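First up is the structure itself, then whatever we jot down about it.
No lab work stands behind these numbers, since they all come straight from the coordinates. These figures come from a predicted structure and were not determined experimentally. Cβ atoms come from the backbone with ideal geometry, glycine included; neighbour counts cover every protein chain shown.
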Amino acid sequence: MIADVLVVGTGPSGVHAASVCAARGLRVTIVDVGYDDEATRAAIPAGNFRELRRTDAGQSRYFLGNLAADIAGVRVGAQLTPPRQFITRDAETLAPIDAPTFAAMQSFAAGGLGAGWGAGSYSYNDRELAEIGLPVAAMTACYNDVAAAIGIAAPEHDDTSAELNRFRPLQPPHELDTNCAAVFAAYERRRARVRGLGLAVGRAPGAILSAPLGSGADTRDANPLDDMDFYSDASRSVYRPRYTLEAICRLPNVTRRSGALVTHFVTGATGVDVHVRDVRTGATEVLACRRLVLAAGAIGTSRIALRSLGIIDRDVPILSNAYAYVPCVNLAMLGRPARTERHSLAQLSGVFAEAGADRDNVLLSIFSYRSLLLFKLVKEMPLPPQLGVLTARLLLSALTIVGVHQPDRRTPHKTMRMSLRDGAGRLAIAYQADASEQAGIDRRLATIRRALRAMGCVPMGTILPGHGSSIHYAGAFAIGTDRSDPLGTDADGALYAAPPVSIADSANWRFLPAKGLTMTLMANARRVAAAVCEELTHA
Ligand SMILES: Cc1cc2nc3c(=O)[nH]c(=O)nc-3n(C[C@H](O)[C@H](O)[C@H](O)COP(=O)(O)OP(=O)(O)OC[C@H]3O[C@@H](n4cnc5c(N)ncnc54)[C@H](O)[C@@H]3O)c2cc1C
C-alpha cells in the first residue's frame, strides 16, 4: 500500500512533520540515510567532566578522537567532538558542494544537524515571521506544541524573555554557572549603561530539561549538571530529534526507510514517485506516496527540489547568518574558583539592536569555557602554543565565549547553483557580503564589544570563522503569492510547480533572523504537516 505521506529527513524539521502526520493516523514513511554512533556514545562512563578527566584511562576516545584533524580544524565538522562526528559522515561524497568562500555543514545523521545542536531555542517576533513569509497567529500555537513536546528551560520574565521565548510551557531555568552568574550580576549592576548601548541580557532559553519529561520508554531526565553535554546524551536531557523518531517509529502506521538517499521526485496524477539510492549497495528504487514532505535541511531540500524541477545552471538564493565569536576575560572571576556543577551549553543570551525603529535583532550566546578542552581555544590565540596554553590555564575560570549571530537577507551575491555535470547533481555556492552589509556587521560588533566591556568582560579578540560557519541556512525557494514562480511555495510550503510536494524546513524562507532557527523550524514543520494532513483528509 502506498504511503499517505513520505517525509524526507529525520532532523528537527522532519521528525516534527512526521509526528504530526503519524498522530493523525496517516500511513507515514520516513526516509533518511540515518548514520549514528551508538558505540562511541556507549563508551562514555557516568561521571562529571572533572572526575572523568582525572580518573578515566579511556577518556581519549571520547574527548580527543582524531586529534590531528581537530588541531588542523580544516575539515567541515572538525569542531564536533568525537561522539558527534558521525553527524557529518560521508556528507562530502553523498552531497558534494563546490564552495570556496562558504563552509556548508550538511548531515546525513539520524537527527541531522540536530544530533549535535546546542539546544538554543527562540521564538521569532511578528516582524521576523512576516518577513520570512510565515503566518504569525498560526505559528504561536505551533511554538507552544514544540515547547510542550521537547521541554524548554527558560525564565518567565526577564529582560530578553519577551523577545526570545514567547512560547509556553516553560520549565524553570537552570542555575547559572559561577562565571555566567558573575557576568549577569555585572549586567544587573550596570543595566542602564548596557541597555543604553542597545544590549539586553537574560538567561538563555534552551531545550535542556531542568525537570524530568515524558514517561515509559520516552522518559527524559533533568540535566545532571555534569558538564558533559558536548559528549554524552546519557540523561537525554538535551533534546535530540532521535527521541521523537524513536517514539514515532513504534507506531504501527509509521515505516522508516534508513540508508536511503533521495535523489529526486516525479509528480503524477495520483501522487509522487520518490527516487532513492541505497547508500550501501548503490541500488535504486522508487517509493510511491500521495504527498511528499521535504525536510532534508535547507541545502538538502533545495538540492532535491532543484534537480526534480529541472532548475539547473541557474543562480538561486542562499542565506546564512554571519557568525563571530568574541573570547573574553571576565574580570570578576580572575583568581576565583568555579563550581563544578553546570551544563555545558549557553548560559546567557543577549539581544542587541541599534537605536531606531524596526532595527534588526542580533543574538548573543554567552558560554563559560571548560569542557571543550583548551587546545581548541589555544589554536585560535595570537600567541605561541606554549604561551597560549599557559594563558588559557591561568584564565580558565574567567574565560567567557560570546557567540554573535547576525541576520541575513538575500542579495545577488549569495547564490546556489545546481549542475548535472557528474550526472548525480552538484551544488555550487558563492557567498559574499556586500560592503554596506559588512559595514553594518562590523559596526554592530564594535558596539557589542563595548557593551561586553561595560559588563566587565574584556574581549581578547574577535574570531570570524567565515561564511556558512553559523550552521544556520535558508533558501533557495521562497514563500510568495506568484503561482507561476518555479521557486515559489504557498505559506503552507506547497510548491507551486509541484503541489503534492511541500517544504517543511527553511528552504523556502526569504529571511534569516539572527536568533537560532531550529525552534521555528520545528514549529513550522508541524504547521506544514498539519496542512498536508488537512488537505489529504478532504481529498
Ligand atoms: C554544533 C551545532 C550547534 C547548533 N546549535 C544550534 C542552536 O543552539 N540553536 C539553533 O537554533 N540551531 C542550532 N544549530 C543548527 C540546527 O542544528 C539546524 O538548524 C537544524 O538541525 C536544521 O534542521 P533540519 O531538520 O531542517 O535539517 P537537518 O538537521 O540538516 O536534517 C536534515 C535531515 O535530512 C536528511 N537528508 C538530507 N538529504 C537527504 C537526502 N537526499 N535523502 C535522504 N535524507 C536526506 C539527513 O539525513 C537529516 O536527517 C546547531 C547546529 C550544530 C551542528
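For the chain, return all DSSP H helices satisfying: extent of Cα atoms along own axis at least 20 Å; mean Kyte-Doolittle hydropathy at least -1.0.
Sorted by number, the helices that extend far enough and score high enough are 136-150, 435-454, 518-538.
Would you mind classifying the stretch 201-335 by shape? Square roots of the alpha carbon gyration tensor eigenvalues, ordered a ≥ b ≥ c; an a/c under 1.5 is rounded, otherwise it is prolate if a/b is larger than b/c and oblate if not.
oblate
With contacts defined as alpha carbon pairs under 8 Å and 6 or more residues apart, what's the relative contact order of the chain in percent?
With pairs under 8 Å counted, the relative contact order is 23 percent.
If you average the sequence gap of Cα pairs under 8 Å that are 6 or more apart and divide by the length of the stretch 1-147, what percent do you get for the contact order?
Once divided by the residue count of the stretch 1-147, the mean separation gives 23 percent.
With the cut-off at 1.5 for a/c, could you classify the stretch 171-215 from its C-alpha gyration tensor as rounded, prolate or oblate?
prolate
How many angstrom separate the Cα center of the stretch 486-539 from the Cα center of the stretch 229-298?
17 Å
Give the aspartates and glutamates whose C-alpha is closer than 17 Å to that of Lys379, dropping any in the same chain fewer than 8 places away, or say none.
Asp70
Which of the cysteines found in the chain have nothing to pair with, since no other Cys Cβ lies under 4.7 Å from theirs?
Cys21, Cys142, Cys180, Cys249, Cys289, Cys533
Can you give me the C-alpha center-to-center distance between the stretch 84-107 and the stretch 310-370, rounded to a whole angstrom?
Going from one Cα centre to the other spans 23 Å.
Using amide H atoms built 1.01 Å from N in the peptide plane, name the residues 5+ places from Leu176, or on other chains, whose amide H lies under 5 Å from its own.
none
Nearest 5 percent is fine: what portion of the DSSP beta bridges confined to the stretch 373-489 is antiparallel?
Of the beta bridges lying entirely in the stretch 373-489, close to 75 percent run antiparallel.
Classify the chain as rounded, prolate or oblate, taking a ≥ b ≥ c as the square roots of the eigenvalues of its Cα gyration tensor: rounded when a/c is under 1.5, otherwise prolate if a/b is larger than b/c and oblate if not.
Because a/c hits 1.5 or more and a/b exceeds b/c, the chain counts as prolate.
Out of all DSSP beta bridges with both ends in the chain, state the antiparallel percent to the nearest 5.
Antiparallel: roughly 75 percent of the beta bridges in the chain.
Given only helices, namely DSSP H runs of n ≥ 4 each adding -39500 (n - 2.57), what is the per-residue ellipticity at 222 nm of the chain, to the nearest 500 deg cm²/dmol?
-8500 deg cm²/dmol
Would you work out which of Gln438, Ala454, His472 lies farthest towards the positive end of the dipole of the stretch 415-523? Charges go on Cβ: Lys and Arg +1, Asp and Glu -1.
Ala454
What whole-number volume per residue, in cubic angstrom, does the convex hull of the C-alpha atoms of the stretch 485-539 give?
Here the figure is 67 Å³ per residue.
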